[in-house]
Amino acid sequence: MQRFSGLSLIRRGLTGQRGWQPQWRQAEPKAAYDAIIVGGGGHGLGAAFYLAKEHGLTRVAVLEKGWIGGGNTGRNTTIIRSNYLFDESAALYDHSVQLWESLSQVLNYNVMFSQRGVMMLAHTVHDVQVSQRHVHANRANGVDNEWLTPEEARARCPLLKIDDIRYPVLGAAFQRRGGTARHDAVAWGFARAADALGVDIIENCEVLGIERDAGGAACAVNTTRGVIRAPKIGVSAAGHSSVIMRMAGVDLPIESYPLQALVSEPVKSIFPCVVMSNTIHAYISQSDKGEMVIGAGTDAYTSYTQRGGLHISRHALEAICELFPTLRRLRMLRCWGGIVDVTPDRSPIIAKTPVPGLYVNCGWGTGGFKATPGAAHLLAWTIAHDAPHPINAPFTIERFRDGNLIDEAAAAAVAH
Amino acid sequence: MLLINCPYCGERPELEFVHGGQAHIARPGNPAECSDQQWAEYLYRRDNIKGVHAERWRHVHGCGRFFNALRDTTSDQFLATYKVGEQPPAQPRKATA
Ligand SMILES: Cc1cc2nc3c(=O)[nH]c(=O)nc-3n(C[C@H](O)[C@H](O)[C@H](O)COP(=O)(O)OP(=O)(O)OC[C@H]3O[C@@H](n4cnc5c(N)ncnc54)[C@H](O)[C@@H]3O)c2cc1C
Ligand SMILES: [Zn+2]
């Protein structure tokens, strides 16, 4: 692997940018591997990287039906935070934030992780109570989060209008360690680092079926590029998790919905942190290119179309215009949708499945980008040990049967 | 926004409706006799079909009634809507334009 450094950038800059090598190989599928990961998003690529780096499995393939990072990894609004209510969630998401903090160094790839802080607004008495409960629960779990008065919130984000609006701002929870990262760089950084350790990244390779041996264990996948065998198969396919797991006869408590985002024309740096509002449903940050990145809600119905209704994004824009009147004259450049895999309790599943040799990481719904390194790390662990890590042990499929829900939905944490 | 053909009122914009999830899921007659697995399947397991999906809608800002629909989740096109209690049409016909 060609390592990146300040010096290498300067040298290539002075020599016409010649001599850069492709960052990963165009691998051809082999007949067999030690482990296969289905889905070349950040989670899948990361899992392959950690399998190779931490568990010594280097005969690993990532199978992606399109191009890597073309799913939700490349479609999300990149908000990263770990201020979830329940102990299990706080441990899970903070594990991820801790990995983000060193990820650029570990991958030798700038994922542009920016801990600019995430501000979550409260607009009603109920919001205030719920948010303060989150602040206290987070601090008890060693996760930073603090309460801001409306004036403190505005001082931190001067464009924010706190009064004379339909839902005045009554305060905000603020997690300083939260922020954003560059979505594509996360996919590419993991792909490059995994490739350097021998992982085959195979694009345009759609999994069509999962084969099971006489004992019922998963043993191979049927793909558009032939049958590929492996004793361990990890599925990390976001919106398509139900479709793929059904190939092995595993039913999931998941529904797939469209979720949209949009970006404005780029402007100078005007927005210092991430701001989210659950009550009037909008969230916003500014990318390093200067675009305002705005997240909308999910559509009401399940779908695989990767597009949502116009009234959904319009609703988000109305909330943004109300909270940040300065932004009213901005033009929107692009909007798009992704398909998100939603569980009944809005917590993910990272687990073994009833099929031996088959593992799943799914159910991240509207909020799994923040978890990319954490989920990848824990999926790799679960595959390598054929047992969950203590952090992901509660996040099973069986929790829905056993009544051990991790109900972040009811905890009224914001969706993303 | 979708155009949805309420079997009672005709075509109306999606904003008049709420989605009611997968159709034809019967509540177990006697929950006390269900195993945990059966009850969990009733509560949480969904087909999440990529293709033709039978689902409930409710025309909240219209007649207020529930009805069922067949919709292709790869295109969001409605193939048919039908009344509660009816079986899904075997040969989904295209919704009249
Ligand atoms: C608009 C939007 C905004 C969001 N905002 C945020 C946010 O601010 N913060 C946050 O934390 N999360 C956010 N999310 C959620 C986040 O994007 C996802 O939870 C996360 O990126 C999932 O990562 P992944 O790697 O599992 O999935 P993906 O990147 O979707 O990767 C799954 C891959 O599987 C591939 N695949 C599917 N079927 C097959 C098959 N049969 N064979 C082979 N490959 C297959 C797909 O092509 C895809 O590339 C948002 C999502 C959307 C859509
Ligand atoms: Zn009606």
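The values are calculated or read from the model by the stated rules, or taken from the named source; none is laboratory data. The structure displayed is predicted, hence computed values, not measured ones. Neighbour counts run over all protein chains shown; Cβ positions are idealised from the backbone, glycine included. Please note that ligands, DNA and RNA were not included when accessible areas were found on the heavy atoms of the full protein model with its side chains. Shrake-Rupley method; radii C 1.70, N 1.55, O 1.52, S 1.80 Å.
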Item to check | Residues along the range A:253-274 losing 50 Å² or more of accessible surface when the other protein chains are present rather than the chain by itself (probe 1.4 Å) | outcome: A:255
Checklist entry - Quick one: Cα centre-to-centre distance for the range A:278-312 and the range A:83-116, in angstrom? => result 23
Next on the checklist: Give me the percent of accessible area attributable to carbon and sulfur for the range A:211-266, probe 1.4 angstrom.
Outcome noted: 52
Next on the checklist: Less than 17 Å apart at the alpha-carbon level, and either on another chain or at least 8 residues along: which aspartates and glutamates does that give for residue A:289?
Outcome noted: A:184, A:265
Checklist entry - Accessible area lost on pairing B with A, both sides, 1.4 Å probe, Å² to nearest 100? => result 2000
Next on the checklist: Using the basic label-point model (7 angstrom from Cα toward the beta carbon), what is the residue A:163 to residue A:321 distance in nanometres?
Outcome noted: 2.5
Checklist entry - What part of the accessible area of the range B:3-83, given as a whole %, is carbon or sulfur when the probe is 1.4 angstrom? => result 46
Checklist entry - So how far apart, in nm, are the two label points at residue A:146 and residue A:1 if each is 7 Å from Cα heading toward Cβ? => result 3.6
Next on the checklist: Which entries of A:161/A:268; A:65/B:50; A:370/B:50 have Cα-Cα distances beyond 25 Å here?
Outcome noted: A:370/B:50
Next on the checklist: Give the list, by residue number, of cysteines in the protein assembly as shown with no other Cys Cβ closer than 4.7 Å, or say none.
Outcome noted: A:157, A:205, A:219, A:273, A:321, A:335, A:362, B:34, B:63
Checklist entry - Rounded to the nearest 500 deg cm²/dmol, what is the calculated helix-only ellipticity per residue at 222 nm for chain A, with -39500 (n - 2.57) per DSSP H run of length n ≥ 4? => result -9000 deg cm²/dmol
Checklist entry - Along the Cα-to-Cβ line of residue A:314, 7 Å from the Cα, sits a label point; which residues in the range B:1-33 have backbone N less than 16 Å from it? => result B:1-4, B:12-17
Item to check | Proximal lysines relative to residue A:352, as straight alpha-carbon distance under 20 Å, when same-chain residues fewer than 8 apart are discounted | outcome: A:232
Checklist entry - For chain A, what are the per-bin percents of Cα-Cα distances with bins 10 Å wide, up to the bin holding the maximum? => result 5, 23, 32, 25, 13, 3, 0
Checklist entry - When the accessible area of the range A:38-122 is split by element with a 1.4 Å probe, what percent falls to carbon and sulfur? => result 50
Item to check | chain A - accessible surface per residue (Å², probe 1.4 Å) | outcome: 39
Next on the checklist: Which residues belonging to the range B:32-56 lose at least 10 Å² of 1.4 Å-probe accessible area when the assembly is complete, relative to their chain isolated?
Outcome noted: B:36, B:37, B:40, B:44, B:45, B:46, B:47, B:48, B:49, B:50, B:53
Checklist outcome for this item: Quarter of the surface of the C-alpha convex hull for the range A:321-416, i.e. direction-averaged projected area in nm², equals 8.6
Next on the checklist: Loop only by DSSP, 10 or fewer other Cβ within 10 Å of the Cβ. Give me the trypsin sites (Lys or Arg not before Pro) in chain B that pass, ordered by residue number.
Outcome noted: B:93, B:94
Next on the checklist: Can you give the FRET efficiency to the nearest 0.05 for residue A:11 and residue A:268, using r as the Cβ-Cβ distance and R₀ = 35 Å?
Outcome noted: 0.65
Next on the checklist: At 0.36 nm per residue, and after removing the present C-alpha to C-alpha distance, how many nm does the segment from residue A:125 to residue A:139 gain when stretched out fully?
Outcome noted: 2.9 nm
Checklist entry - Antiparallel DSSP bridges in chain A: what percent, to the nearest 5? => result 70
Checklist entry - Points 7 angstrom from Cα along the Cβ direction at residue A:102 and residue A:132: gap in nanometres? => result 3.8
